[in-house]
Number of protein chains: 2
Amino acid sequence: MQGDHMTPDDFRRLGHEYVDWVASYWERVGELPVQPPIVPGDVASKLPAVPPTTGEALEGVLADLDDVVVPGLTHWQHPSFFAFFPANTSGPGVLADIISSGLGVNGMNWSTSPACTEVEMVMLDWFVELLGLPDHFRHAHDGRGGGVLQDSASSSTLCTIIAARNRVTPGGDLSKLRAYASDQAHSSIVKGARVAGLADDQVRSIPTDAAFAMDPAALAEAIDADRRAGFVPFWCCATVGSTSSMAVDPVVDIAGICAEAQVWCHVDAAMAGSAAVCEELRWVTEGADVVDSWSFNPHKWLFTTFDCSCLWLADSRPLVDALSISPAYLRNDATETGGVVDFRDWQIPLGRRFRALKPWLVMRHYGAEGLARHVREHVRLGRLLADRILDDDRFEFAAPPALNLVCFRLTGEDPDARTSALAEAINGSGQALVTPTVLDGRPAIRICVGQTWTTERHVEALWDLVTASAD
Amino acid sequence: MQGDHMTPDDFRRLGHEYVDWVASYWERVGELPVQPPIVPGDVASKLPAVPPTTGEALEGVLADLDDVVVPGLTHWQHPSFFAFFPANTSGPGVLADIISSGLGVNGMNWSTSPACTEVEMVMLDWFVELLGLPDHFRHAHDGRGGGVLQDSASSSTLCTIIAARNRVTPGGDLSKLRAYASDQAHSSIVKGARVAGLADDQVRSIPTDAAFAMDPAALAEAIDADRRAGFVPFWCCATVGSTSSMAVDPVVDIAGICAEAQVWCHVDAAMAGSAAVCEELRWVTEGADVVDSWSFNPHKWLFTTFDCSCLWLADSRPLVDALSISPAYLRNDATETGGVVDFRDWQIPLGRRFRALKPWLVMRHYGAEGLARHVREHVRLGRLLADRILDDDRFEFAAPPALNLVCFRLTGEDPDARTSALAEAINGSGQALVTPTVLDGRPAIRICVGQTWTTERHVEALWDLVTASAD
């Protein structure tokens with residue numbers, strides 16, 4: 001009957017069609033304009049203003065995806081998507097989401113679905129091995145530290161701000177608190193601080209050096225000055241791989257300053273952290289053994305479908321103390337006896353999907369060697385692009401190229417306006433997408449190589465587009 | 001080569017197998033124990049301690065799902081799952097997630113994938129129609145109000161706390177702020193307040209009446225007293241459908257008190273809100289036209305796969321003002337010219353999946369009539385259970401039964417201990433799952449009818465189990 005629940009058999013049939021649609025989309029996405037030439041309202045105007053009264057066959061949705069949705073998408077899975085940080089997906093990632101959505105379990109407590117919690121604990125331990133992170137981040141180590149999946153690095157950051165804040169003052173007057181991050185740190189830090197009850201000027205912006213890395217002496221001075229002025233320094237973020245230019249803050253120095261000042265030291269390695277799957281790039285984890293928390297996003301550069309961000313804590317207790325609340329309807333023997341991890345106390349929301357299936361399938365499909373090979377190839381392609389820029393007088397680096405990121409601008413007359421125009425020309429062509437950013441107060445073009453299906457051919461095509469548009 | 005990216009053809013083949021696995025899981029989940037008889041560590045001990053070095057075929061994962069994962073799950077999609085609030089999934093919901101994961105777009109800004117934002121705006125407007133919510137909640141109305149998808153009601157609540165907080169004081173000394181909710185309100189309110197920088201005692205717990213609904217006179221007194229004592233009342237949550245007993249606060253009265261006191265009035269209708277798809281139950285939206293914000297979770301009782309929570313604001317500006325930050329790498333023409341909605345400013349994290357596909361497919365598959373029919377049936381089944389309890393001297397209601405929720409306890413000798421033992425016996429049987437809760441300081445058993453595949457047969461079986469265990 002119309003409007004009945006979909007039967008398992010109908011789900012089988014439609015599920016195959018939907019899977020096939022995704023596979024076909026991946027096959028043709030490289031031929032689509034990366035960014036759609038549309039204006040606000042174009043998509044909405046093609047949809048009915050009210051929902052249908054009676055149910056309809058979901059075969060029709062696939063036609064609407066082709067006609068209404070796809071023409072209105074910026075294609076993050078396009079092999080010529082070089083913008084922002086990639087949010088790459090993959091076959092294994094989508095397969096895992098099929099299972100997660102189908103099981104529909106909620107892992108808020110261990111007891112509400114033990115496998116959801118335990119697979120997540122093991123996956124976070126797997127990542128410790130995969131990236132060469134310190135042993136005390138493992139759940140299996142001594143139960144004090146451990147990792148958890150969050151939806152995004154923003155939430156990972158926010159969790160650590162709250163844990164650190166509550167260590168110092170459990171609510172009330174927060175006006176004396178001071179947080180620290182470099183002037184290149186991600187916007188989610190100020191946003192997280194705001195959410196946590198701080199005003200923007202309570203986040204001190206620490207100057208960076210010529211390579212856009214935080215100046216640790218300036219950090220030490222800022223903490224000292226704040227302390228002398230009666231403020232309470234409580235949290236600091238070291239960025240490993242800044243958004244604008246992939247700058248790497250000196251984590252060990254920063255952690256030392258923080259430890260002395262009893263300031264929580266968090267590392268945001270949202271994209272760069274994935275590089276640690278390659279032995280020769282494992283320097284991105286330097287200092288992880290001496291900080292309070294460390295995070296990276298497999299959904300950025302490790303072929304794990306959004307959302308999947310990892311956060312490790314050297315000691316989980318301040319976070320759990322800050323976020324734990326136990327009403328009657330959430331109490332259970334497993335929790336009361338203390339033998340389990342309840343991840344609801346490690347995150348902002350209560351409910352949680354079975355996200356750990358994603359890294360599980362990704363690591364099994366690729367293996368550590370496969371992941372390293374793909375990340376290494378992206379880094380090689382980034383270097384290839386950097387070499388072209390180095391060899392061409394028309395361009396100069398806007399920041400030292402690092403890992404899979406290259407920032408550059410035009411030389412010659414009126415370089416700023418022409419750099420901005422170049423970015424617009426590239427993005428307007430629909431053939432590639434790059435991010436216009438600002439470095440040292442001047443426009444720059446930022447290219448990030450990290451999409452799952454990006455190959456040398458796409459980087460060469462991008463370079464042709466850049467040079468043709470520059471002339 | 002081993003560890004290569006999965007080809008679209010391999011994804012087609014495996015995708016069909018994974019879809020079939022989910023369909024088979026749904027066919028057999030009713031035969032599994034709802035809650036697994038396992039102890040902490042059982043699942044983890046069956047998994048390798050480190051990730052594989054080389055990639056493997058993902059067919060093997062399906063065997064592990066059967067052998068390792070399924071025996072460790074609490075089955076939220078079991079038709080005899082009567083615990084917590086359901087987090088029901090459905091064929092349409094999973095199909096939508098396949099597309100969302102496959103597209104892998106990030107809708108943080110309009111410009112980063114216009115269709116992601118515009119489909120979401122239209123879906124939130126569809127829900128306004130479906131539930132009979134006030135017109136000014138529509139994006140298409142005058143652009144001042146509108147709705148947004150969040151991961152959960154916790155996050156919806158937190159967003160409104162932050163918007164309200166920043167209206168009053170944009171960071172700094174928060175110690176004078178006071179929030180209000182009934183003593184039956186959800187734990188996410190105190191958690192949200194903590195995240196936002198308040199101490200627990202800054203959330204005033206307002207007493208409730210015999211039906212566990214907030215006493216508006218007590219609210220008015222509390223606000224008055226706080227104001228006189230120099231505090232700043234700033235936010236209040238009216239609960240429509242409390243967690244423990246489905247109590248409904250008098251929203252209109254509360255909203256009036258809040259308006260006079262310039263306190264933000266938020267409605268948390270996380271589960272009960274879905275009832276508004278039935279004309280005769282539309283009273284659950286009463287007062288929505290006079291509050292500042294209103295939220296419900298389609299992922300609870302509207303067959304929409306977790307995560308999918310809706311939040312509407314009468315005026316979105318305080319939220320956007322509180323959360324908007326625009327670094328260079330996120331600036332774009334569409335945003336600067338002000339003609340678009342950037343949902344990153346309506347939520348805590350930056351990144352966001354294409355979640356709106358889920359309600360789109362659910363509403364199209366079921367139609368408004370189909371959704372109403374299924375919710376109505378759950379309510380009928382709840383009433384059927386309530387009638388049995390009413391007719392049986394061995395039991396009494398612990399709260400007035402409402403919508404799809406029934407709370408009861410045993411009568412006779414030592415009723416509290418026997419009620420707790422009864423809950424344990426039911427849950428220990430593996431044949432059904434209920435939630436032990438506390439009402440009026442006494443143990444009670446709480447039964448919620450809302451799982452997608454629950455039918456009269458399952459409610460009858462539950463009643464047989466309850467009566468057999470009670471004897």
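Every number in this text was worked out from the coordinates using simple rules, so none of it is lab data. The model shown is predicted, which means the values in this text are computed figures rather than measured ones. Note: ideal-geometry Cβ built from the backbone for every residue, glycine included; neighbour counts use all protein chains shown.
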**Asked** With the dipole of the protein assembly as shown worked out from charges on the C-beta (+1 for Lys and Arg, -1 for Asp and Glu) around the Cα centre, which of B:L422, B:V277, A:I223 lies farthest toward the positive end?
**Response** A:I223
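For segment B:362-470, just say rounded, prolate or oblate: build the C-alpha gyration tensor, square-root its eigenvalues into a ≥ b ≥ c, call rounded for a/c under 1.5, and beyond that prolate if a/b exceeds b/c, oblate if not.
prolate
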**Complete:** To the nearest 0.05, the calculated FRET efficiency linking A:R376 and B:L384 through their beta-carbon distance, R0 being 60 Å, is 0.45
**Request:** Work out the mean other chain Cβ neighbour count within 10 Å for the residues of B:69-78 and drop it here as an integer.
**Result:** 6
**Request:** Please list, in chain and number order, the residues 5+ apart from B:A181 or on another chain whose amide H is under 5 Å from its amide H, with Hs placed from the backbone.
**Result:** B:R204, B:I206, B:C237
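Between B:A259 and B:E456, take the C-beta separation as r, use R0 = 45 Å, and let me know the FRET efficiency to the nearest 0.05.
Details: r = 44 Å, r/R0 = 0.98.
Result of the calculation: an efficiency of 0.55.
If you rank B:E396, A:E118 by fewest surrounding Cβ atoms within 10 Å, what's the result?
Numbers: B:E396 15, A:E118 28.
Placing the least packed residue first, the sequence is B:E396, A:E118.
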**Message:** Just to be sure I understand the model, the point goes 7 Å from the Cα along the line to the Cβ. What's the resulting A:A217 to A:D321 distance in nm?
**Reply:** 3.6
**Request:** Using a 10 Å cut-off on Cβ to Cβ distances, tally the other chain neighbours for every residue of B:355-365 and report the average as a whole number.
**Result:** 4
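Convex hull volume of the Cα atoms in chain B, per residue, in Å³?
On the way: hull volume 81.3 nm³, N = 471.
Here the figure is 173 Å³ per residue.
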**Axis-proximal residue, chain A, for the rotation superposing A on B (Cβ, Å)** = A:G197, 1
**Peptide-level mean, for B:9-16, of C-beta atoms on other protein chains within 10 Å** = 6
**Message:** Return the Rg/Rh ratio of the protein assembly as shown with Cα-based radii and a Kirkwood Rh.
**Reply:** 0.95
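Using unit Cβ charges (K, R positive; D, E negative) and no other charged atoms, how large, in debye to the nearest 20, is the dipole of the protein assembly as shown about its Cα centre?
Values: 72 positive and 124 negative charges, 203 e Å.
About 980 debye.
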**Complete:** If labels are modelled 7 Å from Cα along the Cβ direction, A:R144 lies from its partners in the other copies at nm distances, smallest first, of 5.6
**Request:** Run the quick spin-label model on A:D416 and B:D209: label points 7 Å from Cα toward the beta carbon, then report their separation in nm to one decimal.
**Result:** 6.6
**Asked** Which distance in Å, rounded to a whole number, links the C-alpha centroids of segment A:44-95 and segment B:77-107?
**Response** 17
